[in-house]
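The values are calculated or read from the model by the stated rules, or taken from the named source; none is laboratory data. Bear in mind that the values here come from a model prediction, so they are computed numbers and not experimental data. In this analysis, Cβ positions are derived from the backbone assuming ideal geometry, glycine residues included, and neighbour counts consider all displayed protein chains. Just so you know, the surface numbers come from the protein's heavy atoms only, side chains and all, with ligands and any DNA or RNA stripped out. Shrake-Rupley method; radii C 1.70, N 1.55, O 1.52, S 1.80 Å.
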Amino acid sequence: MSNAQKKNKEERFSIMVDTYQNLIFSVCYKVTGDYFMAEDLAQESFLAAYRNLDSFEGENEKAWLCRIATNKSIDYLRGAGRRAVPTEDIFFEQQSENGGSPEDICLEKEVKERLLEYCGRLKPPYDEIAKSVYYDEKKAVEIAKERNENVKTVQTQIYRARDMLRKIYGKERSA
């Protein structure tokens, strides 16, 4: 692969990530119901897409990425033995029928409110960092600029806040 081809591939991938990162996370979250696992699965989905970008020649990148994310999420659920998982076709039929229902809207609001509450339980500066990343959906670079801090420092704080939130969520699930 020439340098020009590699650069073109990286630019194409970067545009895909910027365009579809929220969508792919949403797909993973809807399938797994686990906020933090959805983040990991979204990353794995983009990694798989990057590895196979050269072989993808279709026109619909969005559908292709959604299929990868769905498969990664379903594979995770099967491997974890968590519960019976519907097939992809059934899942998407249910989502098209149920998308935007009052129950879904209420549930999403409840999840966000609980997330905000859990962020508030963390000690400073992790409380603000977690809220910025997970509730306000800001990137580390944005947070670093706002807080006038080094990006690496903010990334470390995000990692630690994420770990703290995982523990809180874990305690809630076991209760």
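Give, in nm to one decimal, the length gained when the segment between residue 109 and residue 127 is fully stretched (0.36 nm per residue of separation minus the Cα-Cα distance).
4.5 nm
Which links in 72/139; 112/138; 123/167; 30/109 stretch past 18 Å when you go from one Cα to the other?
Over 18 Å apart, Cα to Cα: 72/139.
With labels modelled as points extended 7 Å from the Cα through the Cβ direction, what inter-label distance (nm, one decimal) is found for residue 23 paired with residue 116?
2.8
Take each of the peptides 13-19, 36-42, average the number of other beta-carbon atoms within 10 Å over its residues, and list them starting from the highest.
Ranking, from highest mean packing down: 36-42, 13-19.
When the dipole is taken about the Cα centre of the stretch 11-52, and only Lys, Arg (+1) and Asp, Glu (-1) are charged at their Cβ, what size is it in debye, to the nearest 20?
Dipole about the Cα centre, nearest 20: 160 debye.
Suppose all protein chains stay in the model; what accessible area per residue would a 1.4 Å probe give for the stretch 27-71, in Å²?
50
Considering only protein heavy atoms and a 1.4 Å probe, what is the carbon-and-sulfur percentage of the accessible area of the stretch 1-75?
Carbon and sulfur: 46 percent of the exposed surface of the stretch 1-75.
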